[in-house]
Amino acid sequence: MTTDDTSLSLAQDEAVTFTSELIRIDTSNTGDLETTVGERAAAEYVAEKLHEVGYETTYLESGAPGRGNVFARLPGADSSRGALLIHGHLDVVPADPTEWSVHPFSGAVHDGYVWGRGAVDMKDMVAMTLATARRFKRDGIVPPRDLIFAFVADEEAGGKYGSQWLVENRPDLLEGATEAIGEVGGFSVTVADDVRAYFIETAEKGIAWMKLRARGRAGHGSMIHDDNAVTKLTEAVAKLGNHRFPLVLSDSVRDFLSSMTELTGIDFDEKDLDGSVAKLGSIARIVGATLRDTANPTMLSAGYKANVIPSVAEAVVDCRVLPGRQEAFERELDELLGPEIEREWVTHLPPVETTFDGALVDAMAAAVLAEDPAAKTVPYMLSGGTDAKAFHTLGIRCFGFAPLRLPPDLDFGALFHGVDERVPVDALRFGTRVLDRFLRTC
């Protein structure tokens, strides 16, 4: 085994170890500062691992105590080129241990997987990035352009105390960055015998969390009442929750469907697109959510006593809006809800979309293909949102590329925020090799 092989093997081992150790650091983000643990311990862990091999790092807290972020820069051969940002978030959504077969913050390694909250969202990519950054520094590997490594807070609550704060208050840390990679992309989906599509995220729907409010006349619960705020609200919420918004194909989705037709032979007829997409199996849920806008009621709040009819009732709705659809989406909301239902935006983050072309895309494809000769990279749209929404505002072209080669029978989409979240050990080792190749040629 050559020295380089030994070093790469060490990086792969470190990616597995770091994933497990990062999972053990509880960074649960409830979206409420009073109950959120914070990312400080995980950020200090990352900073220490970078310091061990000689990096100078910047640690800072973004807008609230404990919301830790770490930045490091590795100079490239041509610093006149735009830098590449490699970003990952340190926070995770909460997990209930009673629902899991292993403790969600155990970082257990068994049955060929690393288990725990954050295994795929996204302490796996943080670990692979950290291991690769250490290898480059340790071995004196000079990438073709400057690399900015960013490990940030608060992605799971929209980035107010993370990427959004950093873009508004410390854009100097991202100086020179023109392109970026982060979650959720680069993972494989087996589409035929020994043919794997690797989804590269080129677009994200917009996030628009909305509060609905109905008002009525307060009164005694025993009386006949024709102006009940709870009744008004629940009728409106049911109408919205059952509504199907129109089919709209963005450029990214059209490119994805065209690529999948080549790979699978499935004809995605727009007359029955839902039926065609259903043939894609476990990924149909991911793809189906990008065909139209969605508005899912998630929270209800009203009243303070069983026999008192309240004057106000409220609901929260998670809206995800396709690129270019915000105005039409809002008009449709107004038609559905009517004038008696008040609405306000609690969080509003725009969609992101770029094209699937250029030298960076070619470098991604080449790196994946070198490790998996049966690979085919395809663009896709993410129905959720990532820190790309913040970095995009600085003119940075953003992609989702956290490479993993996955078993054909693993329902990857169900693992995000799900019970028994886990990542294959072999996938972590694969992803580290791909990142190593990619960052040498980016």
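Only Lys, Arg, Asp and Glu carry charge here, each on its Cβ (+1 for the first two, -1 for the last two); on that basis segment 161-281 has a dipole of about 1020 debye about its Cα centre.
Using every pair of distinct Cα positions in segment 164-274, the Kirkwood expression returns a hydrodynamic radius of 19.9 angstrom. Comparing Leu360, Leu404, Leu90 in a Gaussian network model of the chain, where Cα atoms under 10 Å apart are tied by springs, the biggest mean-square fluctuation is seen for Leu360.
Comparing Thr294, Tyr304, Leu280 along the charge dipole axis of segment 270-335, the residue lying farthest to the positive side is Leu280, per the Cβ-charge model.
Pair-distance distribution P(r) for segment 65-109, from all Cα-Cα distances in 5 Å bins starting at 0: 4, 12, 16, 13, 13, 12, 10, 8, 6, 4, 1 percent.
Could you tell me which helices of the chain pass both thresholds, a Cα extent of 15 Å or more along their own axis and a mean Kyte-Doolittle hydropathy of at least 0.0, with helices taken as whole DSSP H runs?
Span-like helices here: 229-242, 359-371, 425-441.
Computed over the chain, the alpha-carbon pair-distance distribution with 10 angstrom bins reads 4, 20, 30, 25, 13, 5, 2, 0, 0, each value a whole percent. Label zone (Met223, point 7 Å along Cα-to-C-beta; backbone nitrogen cut-off 13 Å) within segment 302-317: 308-311. Per the Debye calculation on segment 1-104 with a single equal scatterer at every Cα and no solvent contribution, log₁₀ I(q)/I(0) for q = 0.11, 0.24 Å⁻¹ amounts to -0.48, -1.35. Over all Cα atoms in segment 232-354, the spread is summed up by Rg and Dmax: 18.0, 62 Å. Just checking the listed ones, Lys279, Lys376, Lys389: in the Gaussian network model of the chain with Cα springs under 10 Å, the one fluctuating most is Lys279. Near the amide H of Arg145, within less than 5 Å, lie the amide hydrogens of Ala77, Asp78, all on another chain or at least 5 residues away, with H placed in the peptide plane.
Each reported figure results from applying straightforward, stated rules to the coordinates on display, with no laboratory input. It should be emphasised that the depicted structure is a prediction, and the values quoted were computed from it without experimental measurement. Please note: Cβ atoms are built from the backbone with ideal geometry, for glycine as well, and neighbour counts cover all protein chains shown.
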